[in-house]
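Engineer: One structure is given below, represented as C-alpha cells, and several questions about it will come after.
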C-alpha cells in the first residue's frame, strides 16, 4: 500500500544517500528509508532493540508524492520500508518488505525482545494489533486521503469515510483506556506498528478530539529516547508533530 504523504515536506537528502554507522560498529542491517513514511517505524524499532544499522535515504517525488524509481532496484515493489540483512537466517543475506513482517523478523533476530507478552491473552492482543494497524486502520485512512484529493465529489466521499475511521479510533481509545500499551503492561512491536496509523489519524482524521488515552499513548511513545533517536537519524517525518 502506498504510504500516506504529509501535507508538506522539507529537507535535502536524496535517493541512495547513506548514513554510515558509528565508528567501530559493524552494521549488518540496511534500511531503505523513504521520507515521511512507514519506514520510520523500522528505525524506531531498531533503536529500541539497539541493533546496529545503516540508512539509505530516498525522497518522494514532489509532484506525485510517490517513492522514487531507485527503490525498484532494491526490490521489485519499489515500496519502503525495505530491510536488507547481510546476516539473515543461516547466515545468508535477505531482503524483506512489509512493515509487519520486518517487525516480526527483528523480534526474532533480537531474541524475542519487543515480542508478545508471556500471558496468552496479552499474546493474542499483540498478534491482533500487529496486523490491525495495516489491515484495518490504514485502509480507512488511505481511502479518506485519496478521496479528499478529488475535487467536490471526492471531498464528499471523504466525509463518508470519516465515520468508519471514528469506529476504529474509538475502539483504540477503549483499549488504551484499559492498559498503557496495546499488548499489556510493557511496550512491544504492536505499539510500534500502531504508531504510524495513529500519528496519521491525529494529523488528518481528528484523533485528538475526545480520545485522551490515545493522545497520552502518543505522548509516551514520542517521549521515548529510542523514538527521538530514530527521528534524529531518519530526517523528515511530519507525523511526529500534532496537527
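Each value in this text was obtained by applying a stated rule to the coordinates, not by laboratory testing. None of these values were measured; they are calculated from a predicted model. Note: ideal-geometry Cβ built from the backbone for every residue, glycine included; neighbour counts use all protein chains shown.
Engineer: Most exposed first by the Cβ proxy, i.e. fewest other Cβ within 10 Å, how do 99, 186 rank?
Structural biologist: With the sparsest Cβ surroundings first, the list reads 186, 99.
Engineer: Then there's this: What ranking of 188, 136 emerges when the number of other C-beta atoms within 10 Å of each C-beta is taken as an exposure proxy, fewest first?
Structural biologist: So the ranking, lowest neighbour count to highest, is 136, 188.
Engineer: Ranking 75, 32, 168 by Cβ neighbours within 10 Å, fewest first, what do you get?
Structural biologist: 75, 168, 32
Engineer: With semi-axes √(5λ) of the Cα gyration tensor in Å in mind, check [x] 38, 18, 15; [y] 32, 18, 17; [z] 28, 24, 15 and report the label derived from this structure.
Structural biologist: Computed from these coordinates, semi-axes √(5λ) of the Cα gyration tensor in Å corresponds to label [z].
Engineer: Per DSSP helix of 4 or more residues, -39500 (n - 2.57); summed, then divided by the residues of the chain. What does that give at 222 nm, rounded to the nearest 500?
Structural biologist: -14000 deg cm²/dmol
Engineer: If you take every DSSP beta bridge whose two residues both sit in the chain, what share of them, in percent to the nearest 5, is antiparallel?
Structural biologist: 65 percent
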